[in-house]
Amino acid sequence: MTEILDGAAVAKLTNVQTAERVAQLDKPVTLAVIYDPKNDGSRLYVGMKSKKASALGIQTRDIPTDANATTQSIISLVEQLNADDTISGILVQSPLAKGVKEREVFSAVAPHKDADGLGATVQGMLFGDAPSDYTVAATPQGVMSLLKHYDIELTGKKALVIGRSQLFGRPMFALLTNADATVTLAHRYTSSETLKSYLKMADIVVVGVGIPEFIQGTDLKQGVTVIDVGMNYVDGKAVGDVDFQSVQGIADFITPVPGGVGPMTIATLLENTVTLAENYSVKNS
Ligand SMILES: Nc1nc(=O)c2c([nH]1)NC[C@@H]1CN(c3ccc(C(=O)N[C@@H](CCC(=O)O)C(=O)O)cc3)C=[N+]21
């Protein structure tokens, strides 16, 4: 029997808590979102994030970048938002326009406003497994929350992360390592033979490569947990990187697309935002 990890349902539980925490605060919670308005995906996802934020009482300030924006001009914008006491958190939606050095923009976000956990300071804390509080990238943190909700054991388990982006694979590797799994990170230069052999061994597979049907049930070990971070559109329909039907009866757990990691990503971003708002008010009281 393959059980579906219901990200939409778990996200809803998190969102209820986030809304309560927002209501407890005696000040507005505001998320600033910087994005490239020319990118279709960014417009779609930023729209979804803003809508969900407003449903939870979080205000958003969506800021499209100018057509002629540069790395430096966007960093200046981030610095203004860092200094703006009405802003609780900042999200820089990826990808920014071609030629803009995204990594530099991420790292311009002040750690106490880093709602998406992509700046060098907080990512360094994640990789060092720092004991103090810091925000973690929304997608991999959302995956961890989902695994935790379903009590999926990680200690000593063999985890395979496929994809090494700054937003997903690298922080996913760090989180699973910090959770005492034995983690392998595969990526575009991993040979298909190597990938096949690691897939057959893995207890947990987390895949985000952006290729529909990249993973088939026959690739996997019986009883595996499969987390599908892919977000592809085929004939206008959202599909992940895993051939969902073919893993039935092989995987013990699988996340669907839609309704899996996507809603968890948004819930985690908004949870991070209210956490930043709470901590900021403590620091400044
Ligand atoms: N700085 C940054 N942080 C991000 O977290 C980030 C980003 N940049 N750039 C793009 C990706 C993509 N992303 C998604 C979030 C939610 C859904 C989501 O909720 N999808 C729905 C389906 C949507 C549909 O049906 O079209 C679902 O899975 O149920 C999808 C994709 C966040 N991203």
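Bear in mind that the values in this text are calculations on the coordinates, not laboratory data. The shown structure was predicted, so the numbers you read here are calculated from the model rather than taken from an experiment. Note: ideal-geometry Cβ built from the backbone for every residue, glycine included; neighbour counts use all protein chains shown.
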Handout entry: Ranking of 1, 48, 172, 231 by count of other Cβ atoms within 10 Å, fewest first
Key = 1, 48, 231, 172
Handout entry: Distance from the stretch 102-126 to the stretch 1-26 (C-alpha centre basis), Å
Key = 24 Å
Practice task
Compute the length gained on full extension between residue 19 and residue 55: take 0.36 nm times their separation in residues and subtract their Cα-Cα distance, giving the result in nm to one decimal.
Solution key: 12.1 nm
Exercise for the section: Place a +1 charge on the Cβ of each Lys and Arg in the chain and a -1 charge on the Cβ of each Asp and Glu, then give the dipole magnitude about the Cα centre in debye, rounded to the nearest 20. Expected result: 320 debye
Handout entry: Euclidean distance between Cα centres, the stretch 227-285 to the stretch 178-215, Å
Key = 18 Å
Practice task
Provide the percentage of antiparallel DSSP beta bridges, counting only those with both residues in the chain; round to the nearest 5.
Solution key: 10 percent
Practice task
Quick one: which residues, 5+ away or cross-chain, put their amide H under 5 Å from the amide H of residue 239? H built at 1.01 Å from N.
Solution key: 232, 233, 234
Exercise for the section: Taking every Cα atom in the chain, find the radius of gyration and the maximum pairwise distance Dmax, and write them in Å. Expected result: 18.7, 57
Exercise for the section: Please label the shape of the stretch 138-261 as rounded, prolate or oblate, based on the square roots a ≥ b ≥ c of the eigenvalues of the alpha-carbon gyration tensor (a/c under 1.5 means rounded; beyond that, a/b larger than b/c means prolate, else oblate). Expected result: rounded
Exercise for the section: Calculate the dipole size of the stretch 26-110 relative to its Cα centre from +1 charges on Lys and Arg beta carbons and -1 charges on Asp and Glu beta carbons; express the result in debye to the nearest 20. Expected result: 320 debye
Handout entry: Above-threshold pairs, the threshold being 26 Å between Cα atoms, out of 27/148; 49/101; 12/113
Key = 27/148
Exercise for the section: Note the full-extension length gain between residue 187 and residue 129 as 0.36 nm times their separation in residues minus their Cα-Cα distance, in nm to one decimal. Expected result: 18.6 nm
Exercise for the section: Taking the Cα centre of the stretch 138-261 as origin, sum charge times position over the Cβ atoms of Lys and Arg (+1) and Asp and Glu (-1), and report the length of that vector in debye to the nearest 20. Expected result: 320 debye
Exercise for the section: Please give the contour-minus-distance gain from residue 238 to residue 66: 0.36 nm per residue of separation, less the Cα-Cα distance, rounded to one decimal in nm. Expected result: 59.0 nm
Problem - Under the span-like rule (Cα at least 18 Å along the axis, Kyte-Doolittle mean at least 0.0), DSSP H helices of the chain - result: 7-24, 261-283
Handout entry: Cβ-derived FRET efficiency at R0 25 Å, residue 211 paired with residue 246, nearest 0.05
Key = 0.95
